[in-house]
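Take a look at the structure below.
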Amino acid sequence: MKGTILLVDDRANKYMIEVLEEELGFLVCRYYDGRGAIRDIQDNLKYQLALVDLSLPDISGEDVIEVSKEVNPDVPVIGISAFGYKPKKADKYVSKTQAEELLKVIESYFKQK
């Protein structure tokens, strides 16, 4: 296993998850809502990279990013959405429509470690 990725997205692409897990060898901790992710982050969930959708059904993805950075300041967070802006506490933003770019960014973060 290459590492663990926190994925907070109510509409995550199943193909993307399969690629991350089966082809690239990551463990993906998937959450469909922000509150569940925040609860587990605060309960010491371990992950090396977070992918957070900015538009979640229960709370803002920016709230999840903020908690992730408070609890794990050294863990990179990538904001993902179709909105086209990078939240100020995120390390990077990638559009959901750019799946190949997102995979390249993920791989580059893990190569840096």
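Just so it is clear, none of the values below were taken in a lab; they were calculated from the coordinates. All figures in this text were calculated on a predicted structure; none of them were measured in a lab. Please note: Cβ atoms are built from the backbone with ideal geometry, for glycine as well, and neighbour counts cover all protein chains shown.
Residues in segment 66-113 that are within 17 Å of K46 (Cα to Cα), aliphatic (A, V, I, L, M) and either part of a loop (DSSP other than H, G, I, E, B) or out of contact with any helix residue (DSSP H, G or I) (no Cβ under 8 Å at 6 or more places or on another chain) (or both): 1 in all. Within segment 54-79, the residues that satisfy the criterion of being within 22 Å of K2 (Cβ to Cβ), of a type outside the set (A, V, I, L, M, F, W, C) and surrounded by 17 or more Cβ atoms within 10 Å (Cβ to Cβ) are S68, N72, P76, G79. Set side by side, the residues K111, K46, K96 differ, and just one is over 10 Å from the mean Cα position of the chain (by Cα) and closer than 21 Å to N13 by Cα, which is K96.
The number of residues in segment 1-28 that are surrounded by fewer than 16 Cβ atoms within 10 Å (Cβ to Cβ), touching a strand residue (DSSP E or B) at 6+ places or on another chain (Cβ under 8 Å) and closer than 22 Å to S60 by Cα comes to 2.
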